[in-house]
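Asks: First the structure, which I've put down as structure tokens, then a few questions once you've had a look.
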Amino acid sequence: MPEIVVENLYKRFGDVVAVDHISFTVRDGEFLTLLGPSGCGKSTTLFAIAGLDRPDSGLIRVGETNFFDSASGDFIVPEKRNCGMVFQSYALWPHMTVQENLAFPLRLRKVSKKAREQRIEEILRLVELGPQKDRYPHQISGGQQQRVALGRALVYSPTILLLDEPLSNLDAKLRERARSWLKRIQGQLGITTIYVTHDQMEALALSDRMAVMQAGRICQVGTPQEIYSSPAEPFVADFIGTSNFLRGDTVGAGDGGTIAVNLEGSDQCLRIKAGKTLAPGTPVLISIRPEKVQVIDPSSGAALPAGNYLEAEVVDRLYYGAYYRYRLKVDDIVVRVETEADLPTGTVWILLSSEGCAVFEADPTQDAAAEPSI
Ligand SMILES: Nc1ncnc2c1ncn2[C@@H]1O[C@H](COP(=O)(O)OP(=O)(O)O)[C@@H](O)[C@H]1O
Ligand SMILES: [Mg+2]
């Protein structure tokens, strides 16, 4: 299966820059997700790859073939690109049975009756719809309709698979099952796949790698683990999962890249590994996941582990079965914490380990997305 290379892709609609010079590569057989909020340019990117829309400039190459190259003027028409596509609205033909829906793309490609029947049998087995093959779309469930749509995209052995929010119309339970199923099929076929979603959980669960998009550009590309644990920008830390954000100014650099930060909203000073050199007085934004904040009950008599800690007050807590979600106050700063520990009310110590934190240079006038949403 070929790789997909996108270089410097740019597309505007009037005044709106939908895709702003983005570049990424999807490796052979990889499942890559474009993740970002609504309107960030995911579908425009996918449509450009499918050939359903013509970008203003850039390059799209699949294997050895330039699908689009503004430098040479190459543009391959969509029907010659052999992409399998599934949309949020499955777009099944309502007057055709499951089997006829699957047959349609093969008829278009003038596949012989015998080969057609054989291929449809294979696909019905793959998407587990043998018993439903003579039903019409309105006679099967939403999950089954979604499987027909996927089957129809796969039936003509596409070169690559492009999926635009294909599970959004399913209810939460079905979506969960459809995810596992989709991931298994994609792995079995080894087909190079681009998946578009605004759902961060879906992206984390499904992807080999994901590209996080905001306002037409790509903020970060990485494995779900890399993106979650080492966000490259405050937007990524905020959009994927939950993050606490602490603002402050550096007051001095210590050994091994450790910085001291005067926190905004508190008299306490935080010492943390920045992983980069920052001049004293640099405004910084520190993000930390709620489950990475370690909390120590001072009355437990536990020796304080080496490292930096802050004094905090427990404000309230919610019980979620597997863990508690606390809100703590470090002076005027609210910090969310998730832990199994049953903490007392009153004063606790919280430990922000350097591994759990990401330190960003902050523009104090910007980063609206990074405002703590408490
Ligand atoms: N055909 C179009 N005409 C005008 N504006 C469009 C068109 N398609 C998309 N846009 C705009 O381009 C931006 C990106 O859209 P889109 O790629 O659909 O975002 P996403 O799929 O991430 O939600 C949005 O601001 C959207 O309104
Ligand atoms: Mg879209």
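The values are calculated or read from the model by the stated rules, or taken from the named source; none is laboratory data. The shown structure was predicted, so the numbers you read here are calculated from the model rather than taken from an experiment. In this analysis, Cβ positions are derived from the backbone assuming ideal geometry, glycine residues included, and neighbour counts consider all displayed protein chains.
Every residue, every condition in (1) away from ligand 2 (no atom under 16 Å from the Cβ); (2) within 23 Å of V221 (Cα to Cα); (3) hydrophobic (A, V, I, L, M, F, W, C), yes or no:
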{"position": "L129", "(1), (2), (3)": "yes, no, yes"}
{"position": "R135", "(1), (2), (3)": "yes, no, no"}
{"position": "H138", "(1), (2), (3)": "yes, no, no"}
{"position": "Q144", "(1), (2), (3)": "yes, no, no"}
{"position": "S157", "(1), (2), (3)": "yes, no, no"}
{"position": "L163", "(1), (2), (3)": "no, yes, yes"}
{"position": "I194", "(1), (2), (3)": "no, yes, yes"}
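Asks: Something else now. May I ask you to list the residues in the range 35-56 that are buried (at least 16 other Cβ atoms within 10 Å of the Cβ) and more than 9 Å from ligand 1 (Cβ to nearest atom)?
Replies: L35, A48, I49, A50, G51, P55
Asks: Being among the aliphatic types (A, V, I, L, M) and within 16 Å of ligand 2 (Cβ to nearest atom) is true for just one of V261, V221, V212, V293. Which residue is that? First the steps, then the outcome.
Replies: Details: V261 fails: within 16 Å of ligand 2 (Cβ to nearest atom); V221 fails: within 16 Å of ligand 2 (Cβ to nearest atom); V293 fails: within 16 Å of ligand 2 (Cβ to nearest atom).
Unique residue meeting the criteria: V212.
Asks: Still on this structure, I have one more. Within the range 31-80, which residues are within 16 Å of ligand 2 (Cβ to nearest atom) and aromatic (F, W, Y)?
Replies: The answer is F47, and nothing else.
Asks: Which members of the range 138-180 meet the condition of being among the β-branched types (V, I, T) and out of contact with any helix residue (DSSP H, G or I) (no Cβ under 6 Å at 6 or more places or on another chain)?
Replies: Answer for the range 138-180, where residues must be among the β-branched types (V, I, T) and out of contact with any helix residue (DSSP H, G or I) (no Cβ under 6 Å at 6 or more places or on another chain): T159, I160.
Asks: Okay, moving on. State which residue is farthest from K11 (Cα to Cα) when the search covers only the range 59-74 and only residues that are without any contact (Cβ under 8 Å) to a residue 12 or more places away in the chain and assigned to a loop (DSSP other than H, G, I, E, B).
Replies: S72
Asks: So, in the range 1-23, exactly how many residues are part of a strand (DSSP E or B) and either in contact with a Lys or Arg (Cβ under 9 Å, 6 or more places away or on another chain) or modelled with pLDDT under 95 (or both)?
Replies: Number of matching residues: 11.
Asks: Cβ contacts < 7 Å: first residue over 14 Å from A203 (Cβ atoms), restricted to the range 18-32; second residue within 15 Å of ligand 1 (Cβ to nearest atom) and of a type in the set (S, T, N, Q), any location; separation 6+ or different chain. Result?
Replies: A18/T44; V19/T44; V19/T45; I22/T45
Asks: Out of the range 270-298, which residues are of a type in the set (A, V, I, L, M, F, W, C) and closer than 11 Å to Y309 by Cβ?
Replies: L270, V293, V295, I296
Asks: In the range 307-343, what count of residues is obtained for those that are polar (S, T, N, Q) and over 22 Å from N262 (Cβ atoms)?
Replies: First, the residues of the range 307-343 that are polar (S, T, N, Q): 308, 339.
After this cut, where a residue has to be over 22 Å from N262 (Cβ atoms) as well, the list is 339.
Total meeting the criteria: 1.
Asks: Quick check: is even one residue across the range 175-190 over 14 Å from V86 (Cα atoms) and not in a helix (DSSP H, G or I)?
Replies: Yes, some residue in the range 175-190 is over 14 Å from V86 (Cα atoms) and not in a helix (DSSP H, G or I).
Asks: Hey, among A237, A172, which residue is over 30 Å from E117 (Cα atoms), away from ligand 2 (no atom under 16 Å from the Cβ) and crowded, with 22+ Cβ neighbours inside 10 Å?
Replies: Residue meeting the stated conditions: A237.
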